[in-house]
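No lab work stands behind these numbers, since they all come straight from the coordinates. What you see is a predicted model, and the numbers here were worked out from it, not measured in a lab.
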Amino acid sequence: MKKISLLFALLALVISCNKEVKIDFTETHIETSEAADISINFPKAEGTEIIANRINNTLQNYIINQTNISEDSLEHVSIHDAISRFNYEFNSFKNDFPESSQQWEAFIDGEVTYRSPEIICIAINSYLDTGGAHGNTNVRFFNFNPQTGTVLNMKDLISNQEGLSKIIERELLKNIKNGTENQPTEDVFFGKDFQLPESIGFSDEGLIVLYNPYEIAAYAQGIIEFTIPFTEVNSFLNVN
């Protein structure tokens, strides 16, 4: 009887360990104009708890830090707390400069751009304007392992960096504006050799290559973004 009980216990353990991982996404939207104009929209993972929590913590920590314009640490701070701090900084600015008509803005929008058994890609687009000549725009891709919820880095994603770099460099020079197709790569990267973007993303159409302002060329060039079909890059990637 003890042997039978032990067998059932082992079977139950195997079944629980092999339980299907399930992750879905709902949309979270926060908007307020109580002080600054703030709009935050991002996907929230639901399903297998430990995996969903890892994804959500990564996204929310990034969003919180995007709104942090002070030198204070925002560790263990919620998004709503971060919004309150952003409004506090704006009200302090208005108190110090009551003649200013500058309205602060924080717009953050996220979406799931690609899903497969090997990867979940989420793009977060941030725009902050706290005065100055213009606001700052930044796009960041997060690539998650669907089985663990951990973030995949460049080495996890790319199997042949040299080969992929050659393809991206070729397509980059084709896509830069103002007819600068013959511009040397070192001019594009402020005197340095070709560099991969800080993050890469994925869509159903292929590999998304995106360079943010100040990451490449001049600010006036804006965001440079293009997609390379999977058929051209699959041999250089570790994921599909």
- Message: Kirkwood Rh and Cα-based Rg: tell me the resulting Rg over Rh for the range 113-179, rounded to two decimals.
- Response: 1.09
- Message: From the phi angles alone, apply the Karplus equation (6.51, -1.76, 1.60; θ = phi - 60°) to the range 82-98 and give each ³J(HN,Hα) in whole Hz, x where the residue is Gly or Pro.
- Response: 5, 5, 4, 5, 4, 5, 4, 5, 5, 5, 5, 4, 5, 5, 6, 10, x
- Solution diffusion estimate, µm²/s, Stokes-Einstein, the range 33-155, Kirkwood Rh from C-alpha pairs, 20 °C, viscosity 1.002 mPa s: 136 µm²/s
- Greater than 32 Å apart at Cα, pairs in 22/192; 155/192; 44/174: 22/192; 44/174
